[in-house]
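The values are calculated or read from the model by the stated rules, or taken from the named source; none is laboratory data. Keep in mind that what you see is a predicted model, and the values were worked out from it rather than measured. Every residue, glycine among them, receives a Cβ derived from its backbone with ideal geometry; neighbour counts consider all protein chains shown.
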Amino acid sequence: MSAMNEKELTIRYQEYNSVQELDSDHQQLLKIASNACLNAYAPYSGFKVGAVVKCDDGRTFTGNNQENAAYPSGMCAERVAIFSAMADNMDTRIRQIAIAIKTINGNSMVPVAPCGACRQVIAEYEHKQGSPIELMFTSESGRTIILNGINSLLPFVFNSDYLP
Ligand code: THU
């Protein structure tokens, strides 16, 4: 008889087929994220990402991807927005992050989730502030996904609890 236990994780999220199904606060955040795509510097991938962080005090900070001829030197939209908020005030608490994209064809159907490195950064600030950060990401068609926190996107997270 084996002592192994097979376990299963379930993630919960909300999916909307169009931004019109969202309340006006969420629609407004997506609009800000979408506008932030316009200043993305993405000459190498042609894939423009915009992000907005909404803080507890209601302030918003935008970011967009900043690419570089030395590819790894670039930065994702989410981290530009998050670091900008935290750089402004180290006690900032982040309530929400919204992410939008603009592709060359302009007709993407798939909501683009944050990359692994950005998930790790979101997890850091969730852990620091002790409250979840709502994540919302959308496609150009308006299909949108909302998650109530980073846990579901980064199970078995590494954080400072592991450090001596
Ligand atoms: N990118 C982001 O800005 N955020 C993500 O979560 C995924 C990827 C950017 C990085 C790069 O400039 C381009 O998208 C293509 O990978």
Only one residue in ASN107, ASN68 is in a loop (DSSP other than H, G, I, E, B), closer than 19 Å to ILE145 by Cα and either within 14 Å of the ligand (Cβ to nearest atom) or in contact (Cβ under 8 Å) with a residue 12 or more places away in the chain (or both). Which one? ASN107
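Just to be sure I understand, how many residues within region 46-65 are among the small types (Gly, Ala, Ser), out of contact with any helix residue (DSSP H, G or I) (no Cβ under 9 Å at 6 or more places or on another chain) and within 12 Å of the ligand (Cβ to nearest atom)?
Residues of region 46-65 among the small types (Gly, Ala, Ser): 46, 50-51, 58, 63.
Going one step further and asking which of them are out of contact with any helix residue (DSSP H, G or I) (no Cβ under 9 Å at 6 or more places or on another chain), we end up with 46, 58.
When the remaining residues are screened for being within 12 Å of the ligand (Cβ to nearest atom), the result is 46.
Count: 1.
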Criterion first (more than 16 Å from the chain's Cα centre (by Cα) and at pLDDT 95 or above) does GLU21 satisfy it? yes
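Out of the residues in region 14-45 that are part of a loop (DSSP other than H, G, I, E, B) and more than 16 Å from the ligand (Cβ to nearest atom), state the one that is nearest to ILE146 (Cα to Cα).
Residues of region 14-45 that are part of a loop (DSSP other than H, G, I, E, B), as a first pass: 17-18, 22-23, 40, 42-45.
Now drop any that are not more than 16 Å from the ligand (Cβ to nearest atom), which leaves 17-18, 22-23.
Numbers: ASN17: 12, SER18: 12, LEU22: 10, ASP23: 12 Å.
Result: LEU22.
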State all residues of region 74-104 that are part of a helix (DSSP H, G or I) and within 11 Å of the ligand (Cβ to nearest atom); if no residue qualifies, say none. ALA77, GLU78, ARG79, VAL80, ALA81
Restricting attention to region 1-35, which residues are out of contact with any helix residue (DSSP H, G or I) (no Cβ under 7 Å at 6 or more places or on another chain), among the hydrophobic types (A, V, I, L, M, F, W, C) and in contact (Cβ under 8 Å) with a residue 12 or more places away in the chain? LEU9, LEU22, LEU29, ILE32, ALA33
Looking at (1) out of contact with any Phe, Trp or Tyr (no Cβ under 6 Å at 6 or more places or on another chain); (2) more than 19 Å from HIS26 (Cα to Cα), find the lone condition where GLU67 falls short. (1)
Pick from region 123-135 the residues that are closer than 25 Å to SER24 by Cβ and touching a strand residue (DSSP E or B) at 6+ places or on another chain (Cβ under 7 Å): which of them is nearest to the ligand (Cβ to nearest atom)? LEU135
Within region 72-107, residues surrounded by fewer than 19 Cβ atoms within 10 Å (Cβ to Cβ) and charged (D, E, K, R) come out as ASP88, ASP91, ARG93, ARG95
Scan region 88-133 residue by residue and report those that are closer than 20 Å to MET75 by Cα and charged (D, E, K, R). ASP88, LYS102, ARG119, GLU124
Looking at (1) farther than 29 Å from TYR44 by Cα; (2) part of a loop (DSSP other than H, G, I, E, B); (3) at pLDDT below 95; (4) not acidic (Asp, Glu), which is the only condition SER152 fails? (2)
